[in-house]
Structure formats: C-alpha cells, structure tokens
Amino acid sequence: MGPRVRGDDSRNRYDNEAALHPGNGRTCLVVITIIVPYGVFTRYVLNSAASWPEPMAVLLMIVLSFLSAVVCYREHLHIGVGILPAFLAEPAKSVLGVFLEICMLATNLFMVVWGIKLVQTTWYQSIAEFPIITAGMAYLPIPVGGAITVAFVIERFLTGRFFQEPEPDTVSQIATE
C-alpha cells in the first residue's frame, strides 16, 4: 500500500474507520487540555474547586486510550519488538506473525465479550459528578475498541502484512497531531 493521498479513492473500509479515530483523540486531548487547567484555576485561585473537571478528564482519557490504541495498531505504530522477526527467515517469520495475531485476536475478543458484560453490569450505575452518564457508558470504549481491533486483526490475516513498517507520512502526521 503506497502513501495515502487526500481524496484517494483506493482507501478501503478499514482505512475509513481508522481515519475517524485520530479526530476523536485530538478532540479528547483538546478538551482535557482545557478542563484540567480550569479545575486547577478554580481550586487554587478561586478557592472553590469544581467537582467535574477531574472525572471528566478520566472519562476522556478512557476514550482516548482505547480508541487511539486502535489507530496505532492499524497503522503499525504500536509498541512491538522487531528484533526477533528481523532475524527470522520467511516461513518462521510468517508463523510468528500468525501466532502474534492470534494472541491479539484472543485479547481483543476477551475485551469485546467481557467488556460487553462489564457495560451491561454497570449500565445503570450513575457517576456522581455526571448523573446523565452511567458507568456503563464510561466503559463502552472497551468493547468498541476491541471490536474494531478484531476487524483490523482479520484484515492483517487477509493481507498477510504482519511486520510492516509504518509509512513515514503516517508517523509524521500522527507525531504532529
């Protein structure tokens, strides 16, 4: 797959899904960057601490973590040890890639199944600072991120690109966002 160009029609369905998540991460970071100083300002300058900035930052960090992990996995930007695959010949390298993707599939299926159970169990428990948001809603990024990652694991199985280096324009784009 060559460099991605805006307006390029060769992007597949998974590329479009992955393109949505960096925007979510940027939005979460901007909101966290605004509300945390607000909380510090109200606590130390006004001597009247607002109760909502810290729990809101935690909720946004949950969304940021799980959905940004999906983007990093898809774009081969996740933490990975490349020493062993670099020293392996092709048949062994592919076997290692399949094994690692099976581990990723198992981990993310666990996130989907048990994440859904967690969401269902905590759906009606309200969060004190945000009565309209339930704990189940706060945990929703766990099964959603797991399900999207499962789709990307299946994509890797279909394409066979297990140890692909990230594209330089992807690395520079995400590093500057």
**OP:** Return yes when Arg26 is farther than 19 Å from Ile127 by Cα, surrounded by fewer than 17 Cβ atoms within 10 Å (Cβ to Cβ) and touching an Asp or Glu at 6+ places or on another chain (Cβ under 8 Å) and no when it is not.
**Re:** yes
**OP:** Return a yes/no flag: does region 43-50 have any residue that is buried (at least 17 other Cβ atoms within 10 Å of the Cβ), at pLDDT 80 or above and among the polar types (S, T, N, Q).
**Re:** no
**OP:** Would you confirm whether any residue within region 101-109 is within 14 Å of Phe163 (Cβ to Cβ), touching a helix residue (DSSP H, G or I) at 6+ places or on another chain (Cβ under 9 Å), touching a residue at least 40 places away in the same chain (Cβ under 8 Å) and in a helix (DSSP H, G or I)?
**Re:** yes
Subject >> Wholly within region 118-177, helices (runs of 4 or more DSSP H) carrying at least 2 residues that are modelled with pLDDT of 90 or more and of a type outside the set (Phe, Trp, Tyr) >> reply: 135-139, 141-159
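The values are calculated or read from the model by the stated rules, or taken from the named source; none is laboratory data. From a predicted model like this one, the values you see are computed outputs, not experimental measurements. As a convention, Cβ positions derive from the backbone with ideal geometry for all residues, glycine included, and neighbour counts pool all protein chains shown.
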